[in-house]
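Heads up, the thing below is written out as structure tokens.
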Amino acid sequence: RHFKGGIFEVTAIAKHTENGLQYVVYHPKDKPDEVLVRPYNQFFSTINPYANPEVEQTERFVKLW
């Protein structure tokens with residue numbers, strides 16, 4: 001679950017062929033044909049509570065199960 005709402009499913013962890021960086025490949029649960037990618041470190045990062053004071057969740061994404 002993203003901190004702003006929305007449920008997403010991770011489909012793969014991808015590795016860039018030139019620099020070796022990892023990326024998370026995922027999609028919204030309600031739009032399985034929409035493929036998104038985000039750097040691994042950003043996907044698993046925490047959010048700034050001062051920029052988002054209304055949000056209780058501290059991680060950008062949290063696992064639901």
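Assorted remarks:
- Separation of the LEU64 and LYS4 label points, Cα + 7 Å toward Cβ, nm: 1.8
- The chain - accessible surface per residue (Å², probe 1.4 Å): 78
- Dipole of segment 1-43, positive end: most advanced residue of VAL24, PRO39, PHE3 [Cβ charges, Cα centre]: PHE3
- Sulfur and carbon atoms: percent of accessible area, segment 1-54 [1.4 Å]: 51
- Think of each Lys and Arg Cβ as +1 and each Asp and Glu Cβ as -1; about the Cα centre, that makes the dipole of the chain roughly 100 debye.
- Virtual spin-label span in nm between VAL25 and ASN52, 7 Å along Cα→Cβ: 2.5
The values are calculated or read from the model by the stated rules, or taken from the named source; none is laboratory data. Because the structure is a prediction, the values reported are computed rather than measured. Don't worry about glycine lacking a Cβ; one is built from the backbone with ideal geometry, like all the others, and counts go over all protein chains shown. Just so you know, the surface numbers come from the protein's heavy atoms only, side chains and all, with ligands and any DNA or RNA stripped out. Shrake-Rupley method; radii C 1.70, N 1.55, O 1.52, S 1.80 Å.
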